[in-house]
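No value in this document is a laboratory result; all are computed from the given coordinates. Just so you know, these numbers come straight off a predicted model, no measurement behind them. Counting neighbours? That spans all protein chains shown, and the Cβs are built from the backbone with ideal geometry, glycine included.
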Amino acid sequence: MLIEIWSDVVCPWCYVGKRRFETALAGFAKRDEVEVVWRAFELDPHATTPAPGDEGADYAERLAAKYGTTRDGAQQMLDSMTATAATEGLDFRFERAHAANTFAAHQVLHLALERGVQDAVKERLMRAYFTEGEPVGDRDTLVRLAAEAGLEAAEVEKALDTEEYAAAVRADEEQARAYGISGVPFYVVDGRYGVSGAQPAEQLLAVLDTAWSEAHPGLTVLPTADGVAEACGPDGCAL
């Protein structure tokens, strides 16, 4: 079973959704037969990564400007999000977060997919952004974080220098548009079932069960015309 998840490393609901999906997958009987691929989605393709020491507005101020609310109103939104994240074991520190363009991060994640460490790199980048206040849009920071999660630093540097995976990122984003995805996280199971948003773990598990059952239907035993089926079993034969 292939599960593709469109998300961004600076999306708070994506991190919450990651934890909820992990809980659902842990309870899924066929979890060893599931392949998970993280797909690229940029919340703000036009975002810029500030130079070190030139951070400008903090997260609350940026959120207030985006939604046309006051800074206090934005802070209440962040406090609510932080409390929700805590219920999933996540420690959100929005006051540390750096503005970032995530196009390069998504390229690194495609390299990580090829090397079999995509989930580890995804987790490292999200924790770095939401908890540790790392500037995940910064090239040197990306290289260091990716290396901490299992990639070779030199290979990451080369991938970013050559933009080897830029086309793969754009292909993910084009597929998202084709699916009509306008918000993340968004889960696609076997290219047939779509689930939008950070759904509770039990709902995600129900989707997995349904998708597996429909892809692997059990045998339907048809009755005989008169309702009597002569057969032999462990206790003998019907004579």
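Express in % the proportion of alpha carbon pairs of the chain at distances exceeding 23 Å. Present the calculation step by step, with values, prior to reporting the outcome.
Details: 15789 of 28441 pairs.
Percent of Cα pairs beyond 23 Å in the chain: 56.
Got a sec? How would LEU145, LEU125, LEU63 order by Cβ neighbour count within 10 Å, fewest to most? List each step's numbers first, then the result.
On the way: LEU145 23, LEU125 27, LEU63 19.
Taking fewest neighbouring Cβ atoms as first place, the list is LEU63, LEU145, LEU125.
Grab the beta carbon distance between LEU43 and LEU219, set R0 = 30 Å, and tell me the FRET efficiency rounded to 0.05. Don't jump to the answer; show the numbers that get you there.
On the way: r = 46 Å, r/R0 = 1.54.
With R0 = 30 Å, the Cβ-Cβ based efficiency is 0.05.
Expressed in nm to one decimal, what extension gain is obtained for the pair ALA86 and ALA153 from 0.36 nm per residue of sequence separation less their Cα-Cα distance? Please report the intermediate quantities before stating the final value.
Values: separation 67, 0.36 × 67 = 24.12 nm, distance 3.20 nm.
Length gained between ALA86 and ALA153: 20.9 nm.
Can you show me the helix-derived [θ] at 222 nm for the chain, built from DSSP H runs with n ≥ 4 at -39,500 (n - 2.57) apiece and divided by the number of residues, rounded to the nearest 500. Intermediate values should be presented prior to the final figure.
On the way: 9 runs with 112 residues, N = 239.
Per the formula, -14500 deg cm²/dmol.
Report the Cα centroid-to-centroid distance between region 159-191 and region 113-158 in angstrom, as an integer.
The distance from the Cα centre of region 159-191 to that of region 113-158 comes to 18 Å.
In the chain, what percentage of the DSSP-assigned beta bridges are antiparallel, given to the nearest 5? Don't skip to the answer; put the middle values down first.
Details: 10 of 16 bridges.
Roughly 60 percent of the DSSP beta bridges within the chain come out antiparallel.
About the Cα centre of the chain, how large is the charge dipole given +1 on each Lys and Arg Cβ and -1 on each Asp and Glu Cβ? Please answer in debye to the nearest 20.
Values: 21 positive and 41 negative charges, 82 e Å.
The dipole of the chain has a size of about 400 debye.
Give the residue from MET1, SER80, VAL121 lying farthest towards the positive end of the charge dipole for the chain; charges sit on Cβ (+1 for Lys and Arg, -1 for Asp and Glu) and the dipole is referred to the Cα centre.
Selected residue: SER80.
Can you pull a Stokes-Einstein diffusion coefficient for region 12-139 at 37 °C (0.692 mPa s), Rh from Kirkwood over Cα pairs, as a whole number of µm²/s?
D = 205 µm²/s.
Could you compute Rg(Cα) / (2.2 N^0.38 Å) for region 121-180, with N its residue count? Spell out each step's value before the answer.
Working: Rg = 13.1 Å, N = 60, 2.2 N^0.38 = 10.4 Å.
That works out to 1.26 for region 121-180.
How far apart, in nm, are two points set 7 Å out from the Cα along the Cα-to-Cβ line at ASP161 and at THR210?
Once both label points are built, they end up 4.9 nm from each other.
Quick one: if the Förster radius is 30 Å, what FRET efficiency do GLU174 and LYS30 give, using the C-beta to C-beta distance and rounding to 0.05? Walk me through the intermediate numbers first.
Values: r = 30 Å, r/R0 = 1.01.
Once the sixth-power term is evaluated, E becomes 0.50.
Between ARG93 and GLU123, what FRET efficiency comes out of the Förster formula 1/(1 + (r/R0)^6) with R0 = 22 Å and r the beta carbon distance, rounded to 0.05? Kindly include the intermediate steps, with their values, before the conclusion.
Details: r = 16 Å, r/R0 = 0.74.
Efficiency, rounded to the nearest 0.05: 0.85.
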